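Contents: one structure, followed by commentary.
No value in this document is a laboratory result; all are computed from the given coordinates. Note that the structure is predicted; figures quoted are calculated from it, not measured. Positions of Cβ are backbone-derived with ideal geometry, glycine not excepted, and every protein chain shown enters the neighbour counts.
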Amino acid sequence: LGIAGAGALAACSGTKGAGSAPTFGPPSPVRTTAGQRVTTARLVAKATTLDLGGPQVATWAYGDKAPGPLIRATAGDLVRITIDNQLPADTSIHWHGIALRNAADGVPGMTQDPIKPGTSYTYEFVAPDPGTYFYHPHVGVQLDRGLYAPLVIDDPREPGAYDHEYLVVLDDWVDGTGRTPDDVLQQLITKGGSATGGGMGGMSGMDHGSMGTGSGPTGTSPFGDSGDVTYPHFLINGRVPTAPDVLRAKPGQKVRLRVINAASDTIFTVALGGHRMTVTHSDGFPVQPTETGAFYIGMGERYDATVTLGDGAFPLVAAPFGKQGQAMALIRTGTGSAPPATVRPAELRGPVLLGTSLVATDAARLEKKSADSTAAVQLTGQMAPYAWGINGAKFGDNDPIVLTEGNRVRLDLTNMTMMTHPFHIHGHTFGVIGSGLRKDTVLLPPMASIPVELQADNVGNWAAHCHNIYHAEAGMMVELKYQ
Ligand code: C2O
Ligand code: CU
């Protein structure tokens with residue numbers, strides 16, 4: 001099939017060592033409870049050609065588009081989704097951020113068998129918490145091929161106090177440019193250092209100087225090195241800035257933005273030209289409403305913000321941290337001419353909100369409790385030679401973090417490297433100690449330490465990893481295991 005490389009990578013993802021992968025069989029069915037609504041969807045994953053708004057790319061996608069189809073349910077629903085794997089490789093789906101039952105978590109080798117080409121698989125789970133989420137494979141770097149899509153869990157008690165909702169999915173795009181994400185990963189592993197993603201050259205990983213995103217609250221870059229790979233395109237909702245996705249609304253209307261960063265190794269700064277936004281949710285959970293002109297969003301994170309629109313055509317820009325180019329969409333309420341694809345809203349140069357400065361609402365906080373145990377989670381490794389791990393060893397060689405059901409567990413997350421990493425935990429959300437901020441993915445700047453706590457209330461075997469997917473695949477992953 002000509003995909004030997006991809007197959008080899010898929011085979012090592014999520015499994016520990018050679019030859020000893022457990023098998024799982026089909027997942028047990030979930031019975032509906034009285035009055036429970038069932039939300040169903042059917043997805044097809046297959047090779048396809050996408051139009052990014054000019055550039056045509058041969059890649060893999062759900063439902064022939066990237067982002068794939070929105071799945072929407074209400075908290076408490078039984079969600080039942082069948083995936084047809086028409087890809088030339090094994091796959092799976094992970095429901096990123098949802099505290100669901102372990103059997104539906106989508107990690108081959110840890111929670112299920114891989115879904116073989118030509119077969120289908122049904123996921124069934126209950127989504128307990130409302131919010132903005134997304135879904136993607138948990139095999140190799142398939143996410144980076146365009147296999148990602150938004151997932152919204154509505155709150156039955158909170159009808160939206162806004163006129164429009166706008167799902168804004170950010171991506172950095174390598175695939176279809178003569179090189180797949182698997183090729184890029186191979187290049188990183190064999191050569192070390194940073195890799196180019198196709199059309200454009202450059203060594204983005206070494207590029208400290210051109211911080212196109214403006215500066216953080218302190219006037220200096222908060223993130224150190226900017227990434228492993230140079231990307232030919234940055235996308236909002238699968239479109240390049242010269243042919244942007246457009247939201248039409250009326251002046252004075254209120255929009256809820258649900259921003260999802262599906263990029264493989266790009267932190268973005270998001271701003272809507274001429275507007276201030278109010279950030280209301282982080283990774284699905286409410287925060288004390290915080291006004292800003294711009295905010296950072298790391299890989300795997302989601303932020304919701306509301307904004308009241310002026311009269312005109314406004315660029316919604318996501319500027320890639322430390323890299324050239326940008327992603328852009330348009331919000332149009334008037335007839336004025338559209339801004340050029342290279343427009344840089346002034347808001348990008350003002351103070352930029354860093355997610356970890358947000359504070360949880362009282363309702364979003366974990367119940368106050370002292371820790372029963374503490375574990376160190378150190379992100380380790382470097383670009384050259386290319387090696388990433390947790391607690392000094394790559395996934396499979398490092399020890400699982402053992403949880404006891406019912407315990408409050410403190411995790412001391414520490415980044416021992418010179419690059420920022422977004423750390424993501426499956427099956428649980430954690431509270432940042434102090435602010436109470438509830439998250440499932442948090443950006444850890446170089447040498448930074450962020451203590452978090454989680455309630456060990458979801459028995460199973462769970463992945464926890466850097467959401468820069470190249471890093472997770474290179475080994476920056478660990479298992480959380482209930483004893
Ligand atoms: Cu979206 Cu294991 O990650
Ligand atoms: Cu990383």
Point-to-point label distance, Gln56-Ser370, nm (Cα→Cβ direction, 7 Å offset)
6.7
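Considering only DSSP beta bridges with both partners in the range 304-441, what is the antiparallel share in %, to the nearest 5? Mind showing how you got there, number by number?
Details: 14 of 21 bridges.
Antiparallel bridges make up about 65 percent of those DSSP assigns within the range 304-441.
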Glu453, Glu347, Glu165 arranged by Cβ crowding within 10 Å, fewest neighbours leading
Glu165, Glu453, Glu347
Selected from Leu330, Leu87, Ala263, residue furthest toward positive end of dipole (the chain; charges at beta carbon):
Leu330
Which cross-chain or sequence-distant (5 or more) residues have an amide H under 5 Å from the amide H of Val44, H modelled 1.01 Å from N in plane?
Gly63, Asp84
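Apply 1/(1 + (r/R0)^6) to the Cβ-Cβ distance of Arg332 and Thr49, taking R0 = 30 Å, and write down the FRET efficiency to the nearest 0.05.
Numbers: r = 28 Å, r/R0 = 0.94.
For R0 = 30 Å, the calculated efficiency reads 0.60.
Work through the residues other than Ala364 whose Cβ is under 15 Å from its Cβ and net out their charges, Lys, Arg +1 and Asp, Glu -1.
Working: positive: Arg157, Arg302, Arg365, Lys368, Arg438, Lys439; negative: Asp129, Asp155, Glu158, Asp283, Asp304, Asp362, Glu367, Asp440, Glu453.
Taking every Cβ under 15 Å from that of Ala364, the sum is -3.
Report, for the chain, the % of DSSP beta bridges that are antiparallel, rounded to 5. Walk me through the numbers on the way to the answer.
Values: 90 of 128 bridges.
Restricted to the chain, the bridges split so that about 70 percent are antiparallel.
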For the chain, Kirkwood radius (reciprocal of mean inverse C-alpha pair distance, Å)
22.3
Kirkwood-type radius of the range 237-392, with distances r between different C-alpha atoms, in Å:
17.4
Dipole magnitude of the chain about its Cα centre, charges +1 at Lys/Arg Cβ and -1 at Asp/Glu Cβ only, in debye to the nearest 20?
620
Per-residue ³J(HN,Hα) for the range 369-379, Karplus 6.51 cos²θ - 1.76 cosθ + 1.60, θ = phi - 60°, Hz, x for Gly and Pro:
6, 8, 6, 8, 7, 10, 10, 8, 10, 9, 8
Compare the Cα positions of Ala448, Thr190, Gly118 along the charge dipole of the chain (+1 at Cβ of Lys, Arg; -1 at Cβ of Asp, Glu; about the Cα centre) and return the one farthest towards the positive end.
Gly118
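I'd like to compare 337-346, 55-64, 154-163, 106-115: which one has the highest average count of other Cβ atoms within 10 Å, and what's the full order after that?
Working: 337-346: 15.0, 55-64: 18.8, 154-163: 11.7, 106-115: 23.7.
Packing proxy ranking, top to bottom: 106-115, 55-64, 337-346, 154-163.
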So, in Å, what gap is there between the alpha-carbon centers of the range 42-91 and the range 310-347?
27
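Quick one: putting +1 on the C-beta of Lys and Arg, -1 on the C-beta of Asp and Glu, what dipole do you get for the range 166-358 around its Cα centre, in Debye to the nearest 20? Show your work: numbers first, answer last.
Numbers: 14 positive and 16 negative charges, 144 e Å.
Using only the charged Cβ atoms, the result is roughly 680 debye.
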Cα to Cα, under 13 Å, and not fewer than 8 places away if on the same chain: which aspartates and glutamates meet these conditions relative to Lys46?
Asp64, Asp84, Asp90
In the range 363-482, with Lys and Arg counted as +1 and Asp and Glu as -1 at Cβ, which of these residues, Leu403, Leu413, Ala464, has the Cα nearest the positive end of the dipole, that is, farthest along it?
Leu413
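Computed FRET efficiency, Cβ-Cβ of Asp412 and Ser357, R0 25 Å: what is it to the nearest 0.05? Before the final figure, lay out each step's value.
Working: r = 20 Å, r/R0 = 0.79.
Once the sixth-power term is evaluated, E becomes 0.80.
Are any of the pairs Lys439/Lys481; Lys191/Lys394; Lys368/Lys439; Lys323/Lys439 more than 22 Å apart by Cα-Cα distance, and if so, which?
Exceeds cut-off: Lys323/Lys439.
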Compute the distribution of all C-alpha to C-alpha distances in the range 89-198, in bins of 10 Å from 0, and list the percent of pairs in each, rounded to whole numbers.
12, 33, 32, 18, 5, 0
Estimated vicinal HN-Hα couplings, Hz - the range 355-367 in sequence order (Karplus 6.51, -1.76, 1.60; Gly, Pro = x):
x, 6, 8, 6, 10, 5, 6, 4, 5, 8, 6, 5, 4
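Semi-axes of the equivalent ellipsoid for the range 4-159, please: Cα gyration tensor eigenvalues, times 5, square-rooted, ordered largest first, whole Å.
Details: eigenvalues 134, 90, 30 Å².
Equivalent ellipsoid semi-axes, largest first: 26, 21, 12 Å.
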3J(HN,Hα) from dihedral phi, the range 177-193, Karplus parametrisation 6.51/-1.76/1.60, rounded to Hz, x for glycine, proline
10, x, 8, 9, x, 5, 4, 5, 4, 4, 5, 5, 5, 7, 9, x, x
Treat every Asp and Glu Cβ in the range 363-482 as -1 and every Lys and Arg Cβ as +1, leave all other atoms uncharged, and give the resulting dipole magnitude about the Cα centre to the nearest 20 debye.
340
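How much length is gained if the chain between Val38 and Ala243 is pulled fully straight, taking 0.36 nm per residue apart and subtracting their Cα-Cα distance, in nm to one decimal? Could you put the intermediate results ahead of the total?
Values: separation 205, 0.36 × 205 = 73.80 nm, distance 3.72 nm.
Full extension of this stretch gives 70.1 nm more.
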So who's got an amide H within less than 5 Å of the one on His281, skipping anything under 5 residues away but keeping other chains? H placed 1.01 Å off N, in plane.
Val287, Asp304
Could you give the length gained on full extension between Asp399 and Met447, defined as 0.36 nm per residue of separation minus the Cα-Cα distance, in nm?
15.1 nm
When DSSP beta bridges are limited to those with both residues in the range 363-482, what percentage is antiparallel, rounded to the nearest 5?
75
Under 5 Å from the placed amide H of Thr230, counting only residues 5+ away or on other chains, we find Ala195, Thr196, Gly197, Ser204
